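Reviewing the structure listed below.
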Amino acid sequence: MPRERDPDEVKIYFLPNLMTACNLACGFFAVLMIFKGLIEVQVEMSVKGPLSAKEYYEFTHRYYEYAILLIFGSCLFDLLDGRLARLGGQDSPFGREFDSLADIISFGMAPAMLLSRAVLFPLGNIGWGIALVYLVCGAMRLAKFNCLALLPKRAGDSGDFRGLPIPMAAGFIASLTFLLIDLHKNDHELKIWKYVLAGAMLGLSLLMISDIRYPSFKKVGWRTRGTLGAIIIAVLVIYITVQFRYIMPVVLFSMYLLYGMIRPWISQKVRKEIEVESDGDDDPAISEDLANRPE
């Protein structure tokens, strides 16, 4: 005879939380790669003494590139866990909290450490301080979302994100660091770039805790209607991204950042075309906004 389910028992759905666990694993290994790069530098310095900036990158860039790719992997798994939860109607408070804990590692700690060691290390303690501000604002962003998710849904709620989603902030940092590492490998000095990236990180921190609304694109799914032109453009974007892998991720994440800031001045018609309405929006089983998954 099957055991009766305890009404207070925590619901843990396998597939969405497996994706969250993969997100967390990518974040963990990204941090590990950064530490391995630091250890490599310490070993070389014990043998050769102080290293030049070029020598520093020669010993560490491969570890930082691995960390960046792992952060991108976290972004993919973070996208999948929410999609699977909405698709199967398997959202739960456990999933929301687990996702937040994974995100603070993958999109908070890992990018903060990456930037402070890969680009901002010449700034010393200032670089660490900027990274800390980013991490604290990211944690506040996730806590704010969890609080909003507990509020009752109001009629006409668009489901927009209030403030920049932390995966997008992390993706922008990782993609820009990816580009700067490539520039340095090709004998381009960072010079002013480290200050630009420091300012960008502070700007991202403010955007995360702001009330600027960003589209969630949660309505885009298997039932979303599209056109032949849109499919061709999507394929071209993927092809160009692969061909120009050091530049295109920065462009794509920058477009999302800027779109949220100029969105209030874009007409409703154009916004609907960009953000794509779903065929199944009126079906509660499909369109229910399982927003308990943090952004």
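For region 34-91, which residues satisfy the criterion of being under 14 Å from ALA110 (Cβ atoms) and of a type in the set (Lys, Arg)?
Hit for region 34-91 is LYS36, nothing else.
What number of residues in region 158-195 are modelled with pLDDT under 85, among the aliphatic types (A, V, I, L, M) and in a helix (DSSP H, G or I)?
Result for region 158-195: 3.
Pairs under 9 Å by beta carbon, first residue on the phi < 0 side of the Ramachandran plot and free of Cβ contacts under 8 Å to residues at least 12 places away in the same chain in region 127-156, partner among the aliphatic types (A, V, I, L, M) and assigned to a helix (DSSP H, G or I), six or more apart or different chains?
Cβ pairs passing all conditions: GLY129/LEU123.
Considering (1) under 28 Å from GLY95 (Cα atoms); (2) at pLDDT below 90; (3) crowded, with 18+ Cβ neighbours inside 10 Å, say which one GLY37 fails and leave the rest.
It is condition (1) that GLY37 fails.
Does region 121-140 hold any residues that are surrounded by fewer than 24 Cβ atoms within 10 Å (Cβ to Cβ) and in contact with a Gly (Cβ under 7 Å, 6 or more places away or on another chain), and which are they?
Result: PHE121, LEU135, ALA139.
Would you call LEU87 modelled with pLDDT under 90, surrounded by fewer than 18 Cβ atoms within 10 Å (Cβ to Cβ) and in contact with a Gly (Cβ under 9 Å, 6 or more places away or on another chain)? Don't jump to the end; show me each part of the working.
Values: modelled with pLDDT under 90: yes; surrounded by fewer than 18 Cβ atoms within 10 Å (Cβ to Cβ): yes; in contact with a Gly (Cβ under 9 Å, 6 or more places away or on another chain): yes.
Criteria met by LEU87.
Restricting region 40-73 to residues that are of a type in the set (S, T, N, Q) and out of contact with any Gly (no Cβ under 6 Å at 6 or more places or on another chain), which is nearest to SER92 (Cα to Cα)?
Here is the first cut: in region 40-73, the residues of a type in the set (S, T, N, Q) are 42, 46, 52, 60.
Restricting the remaining residues to those that are out of contact with any Gly (no Cβ under 6 Å at 6 or more places or on another chain) gives 42, 46, 52.
Working: GLN42: 45, SER46: 51, SER52: 51 Å.
The extreme case among them is GLN42.
For region 72-120, which positions are among the acidic types (Asp, Glu), over 27 Å from PHE178 (Cα atoms) and either part of a helix (DSSP H, G or I) or within 13 Å of the chain's Cα centre (by Cα) (or both)?
Correct list: GLU97 only.
Considering PHE59, PHE98, PHE94, PHE77, which residue is touching a Phe, Trp or Tyr at 6+ places or on another chain (Cβ under 9 Å) and farther than 21 Å from LEU197 by Cα?
PHE94
Would you pick out the residues in region 230-265 that are among the hydroxyl-bearing types (Ser, Thr, Tyr), closer than 18 Å to ALA174 by Cα and either at pLDDT 90 or above or not in a helix (DSSP H, G or I) (or both)?
Result: TYR246, SER254, TYR256.
Spot the failing condition for ALA155; the list is (1) outside any helix (DSSP H, G or I); (2) surrounded by fewer than 23 Cβ atoms within 10 Å (Cβ to Cβ); (3) modelled with pLDDT of 90 or more; (4) not charged (D, E, K, R), and only one is missed.
(3)
The values are calculated or read from the model by the stated rules, or taken from the named source; none is laboratory data. What you are looking at is a predicted structure, and each value in this text was computed from that prediction instead of being measured. A quick note on method: Cβ atoms are made from the backbone with ideal geometry, for glycine too, and the neighbour counts reach across all protein chains shown.
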